[in-house]
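See structure below.
The values are calculated or read from the model by the stated rules, or taken from the named source; none is laboratory data. All values reported here derive from a predicted model rather than from experimental measurement. Neighbour counts run over all protein chains shown; Cβ positions are idealised from the backbone, glycine included.
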Amino acid sequence: MIATETDAYQDAYQRLNDARGDTFPVWLRELSERALNQFTTLGIPTTRDEDWRFTNIAPFAARTYKIAESAEIPASRIESLVNDAILDEQFHRLVFINGRYAAQWSYLHELPNGVIAESVAQSILTHPQSIESRVGQHFDCENSAFIALNTAFVEDGANIVVPDDMIVDRPFHLIFLSVTDEPAVSHPRNLISIGKNSRATLIESFRGLEGASYFTNAVTEVELHESAHFDHHKLQHEQLNALHLATTQVDQQAGSHFSSHYFSFGGDLSRNELNCMLNGERAQCTLNGLYMPVGDQHMDCRTRIDHARAHCKSFEIYKGILDGRSKGVFNGKIYVHQDAQKTDAKQSNQALLLSDDAIVDTKPQLEIYADDVRCTHGATVGELDEQAIYYLRSRGIPADQARTMLIFAFANDVVRGVEVLAVRQHLETILLAEHGLDNV
Amino acid sequence: MLEIKNLHAKSEDKDILRGINLQVNVGEVHAIMGPNGSGKSTLAHVLAGREDYEVTQGEILYNGQNLLEMNIEQRAAAGLFLAYQYPIEIPGVSNKYFLKAAMNAVRKQHGQPLIDTTSFLKLLKENMQLLGMDKSMMERSVNEGFSGGEKKRNEILQMAMLQPKLAVLDETDSGLDIDALRIVADGVNTLRGPDRAIIVVTHYQRLLDYIVPDQVHVLAEGRIVRSGDRTLALELEDKGYGFLETHSAAASAAAV
């Protein structure tokens, strides 16, 4: 529909496809080709599209971005970026630079028997059959231009497989760094599979070289088998010139538990889509999110929870703290299918506006086709409580500090849900220490 | 310690204080009594620096300094403490964090070293025991879900930790049963001393059985209409505020 705007991607695709060697599996080449056609058909969405009403992506996505090459950036600068991103040396670390796995910056501790943690590029090269059934399996590529785009350009990402009955104690930390000196795009594709009764924790961090202008278009596919437990964290610290789009798709089998902790700080325009399909009885998901735009940042958070089977539970808290002329969008859909009796779904969305010019658009959506369910949702938008500021000041706490304490208090509902200590401390540092407050 | 001269204050075009004169010396305990709407709470909040009130005339000297030129946190750091009639709930901020932040904020403003965690927790434990407070209240959010009595005790706990020079207690007795009243009063009396002053704002005489004042002032329609020793409070209890109206009407008539 906006053919000219997608031309740049067509050209880039041809170059990428030519570069793909003979070892590139036929099925993936076909999938990628279909996805490109799908992207071309769909075009870049406009605000006339209901799903994009509040986020005008066209001016950003229509810019020309090159497929990021390995930039000629001194290793010392990359090293300091990696060091900034590291949360705990005890974690398994997989570093991706401009979307490509960078073995020299990655570090894997000894992995339990049968656990796979490697780059998707490696999997494609050496045992493509292991991912054949997992790429695009749980997606409706038909409707999302950017998932289609990611699939067209599929090249690398993290492939994590935990077999049945296994607990992986050390979190996997995926660090995505955009290190480029010209506008560049990367399309990381992560494939996560957690076996029956197994447990694992994952953190995705997104960062970039200071001042860099780039587009990250990430897709993460998660499958949780029966009674699997998976904790997912995302720390979005992109540079202020970055466009960050990401979709995480989670397919949950019976009795599985998924928790998501999403923290959005960076980017010029960012949009995070998180879709959970509760596809087996007694599956449960907890989606927590915090977005804190300042200046002219635009942050769009979309979640969709499909209660497809009976006796499933979902809990969701999203909070926004908006300053400057920033804009936030929250769209939370809960879709209760006809067979999903005894569904228990709770959703809460709260926004705190710190300036008169900040805007938030919030849209909770409940669609319920079963008759024996409990679904609640609430949305509030407010300002800092002046009474509380007065109270704190009257105990000697300076006004600025009082405001920071109240902002932290507001955010803390989401932060304290993070069980991984290094992640929680990282967040507390951002929320408190950077404002001169100590932790308790 | 505190000298209030011809203080006038209004809130949203409504005159509330209309010429308060009051002197409180160090070591003294003063009670301010008066019917509802007489301006008692307004006076307490004007002292603390609440920005909803506009002072239109008069001055307040606190240890020789012009109090009205100090902001809220400077007043607190200078040793002024207001125990609220309706303490504010602050969800998400633990009581412990709040107290430590307050103590350190005051120390910082005086250029003193910050309190270390061990000493802080020791002091906190002692004061909580004194006030009969359960340990769990420290981890809970400030005043959130506290009963009326728990909130008042929490105010007195803050006072005990901060050790103010001038404490203003705004209706601290309201909502307290007799046992809680005794504990709170003991807490206040512990603070009483030659280098401090206390102003007790109350509607009822009852609290003054436990915190015995040196002077009692009666506030009506934004002015102090009578001052005396503690027998004035007893007289008010006996005769009610009605007696005062006839008295003050007579006084105004005499002034004309």
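Among the candidates A:287, A:235, A:274, single out the residue that is of a type outside the set (Ser, Thr, Tyr), farther than 23 Å from residue A:143 by Cβ and under 12 Å from the mean Cα position of the chain (by Cα).
On the way: A:287 fails: farther than 23 Å from residue A:143 by Cβ; A:274 fails: farther than 23 Å from residue A:143 by Cβ.
Matching residue, one of A:287, A:235, A:274: A:235.
Which condition does residue B:69 not pass, out of (1) more than 8 Å from chain A (Cβ to nearest Cβ); (2) among the acidic types (Asp, Glu); (3) buried (at least 16 other Cβ atoms within 10 Å of the Cβ), if it passes all the others?
For residue B:69, the exception is condition (3).
Residues in the range A:378-397: is at least one of a type in the set (Phe, Trp, Tyr) and surrounded by fewer than 16 Cβ atoms within 10 Å (Cβ to Cβ)?
To start, the set of residues in the range A:378-397 that are of a type in the set (Phe, Trp, Tyr) comprises A:390-391.
From what is left, the residues that are surrounded by fewer than 16 Cβ atoms within 10 Å (Cβ to Cβ) are none.
Scanning the range A:378-397 turns up no residue that is of a type in the set (Phe, Trp, Tyr) and surrounded by fewer than 16 Cβ atoms within 10 Å (Cβ to Cβ).
Given the conditions (1) more than 21 Å from residue B:29 (Cα to Cα); (2) in contact (Cβ under 8 Å) with a residue 40 or more places away in the chain; (3) over 17 Å from the mean Cα position of the chain (by Cα), which single one is not true for residue B:177?
(2)
Scan the range B:145-162 residue by residue and report those that are surrounded by 16 or more Cβ atoms within 10 Å (Cβ to Cβ), more than 13 Å from the chain's Cα centre (by Cα) and of a type outside the set (A, V, I, L, M).
B:146, B:149, B:150, B:151, B:153, B:154, listed by residue number.
Looking at (1) among the charged types (D, E, K, R); (2) surrounded by fewer than 15 Cβ atoms within 10 Å (Cβ to Cβ); (3) touching a His at 6+ places or on another chain (Cβ under 8 Å), can you tell me which one residue A:419 breaks?
(3)
Residue pairs, Cβ under 7 Å, 6 or more apart or interchain, first in the range B:210-224 and in contact (Cβ under 8 Å) with a residue 60 or more places away in the chain, second among the acidic types (Asp, Glu). List them.
What qualifies is B:214/B:28; B:215/B:28; B:215/B:229; B:216/B:229; B:222/B:15.
What number of residues within the range A:204-256 satisfy the criterion of being among the small types (Gly, Ala, Ser) and either touching a Cys at 6+ places or on another chain (Cβ under 6 Å) or not in a strand (DSSP E or B) (or both)? Walk me through it before giving the result.
Looking only at the range A:204-256, we keep the residues that are among the small types (Gly, Ala, Ser), and these are A:205, A:208, A:211-213, A:218, A:227-228, A:242, A:246, A:254-256.
Then drop every residue that is not either touching a Cys at 6+ places or on another chain (Cβ under 6 Å) or not in a strand (DSSP E or B) (or both), which leaves A:211-213, A:227-228, A:242, A:254-256.
Total satisfying the criteria: 9.
Tally up the residues in the range B:77-101 that are crowded, with 21+ Cβ neighbours inside 10 Å, touching a residue at least 60 places away in the same chain (Cβ under 8 Å) and at the interface with another protein chain (Cβ under 9 Å from one of its Cβ atoms), please.
5
Kindly evaluate residue A:351 against the criterion of being more than 14 Å from every other protein chain (Cβ to nearest Cβ) and either at pLDDT below 90 or buried (at least 21 other Cβ atoms within 10 Å of the Cβ) (or both).
On the way: more than 14 Å from every other protein chain (Cβ to nearest Cβ): yes; either at pLDDT below 90 or buried (at least 21 other Cβ atoms within 10 Å of the Cβ) (or both): yes.
Answer is yes for this residue.
Taking the conditions exactly as written (outside any strand (DSSP E or B), over 22 Å from residue A:399 (Cα atoms), more than 11 Å from every other protein chain (Cβ to nearest Cβ) and not acidic (Asp, Glu)), does residue B:129 satisfy them or not? Show your work before the answer.
Details: outside any strand (DSSP E or B): yes; over 22 Å from residue A:399 (Cα atoms): yes; more than 11 Å from every other protein chain (Cβ to nearest Cβ): yes; not acidic (Asp, Glu): yes.
For residue B:129, the condition - outside any strand (DSSP E or B), over 22 Å from residue A:399 (Cα atoms), more than 11 Å from every other protein chain (Cβ to nearest Cβ) and not acidic (Asp, Glu) - is met.
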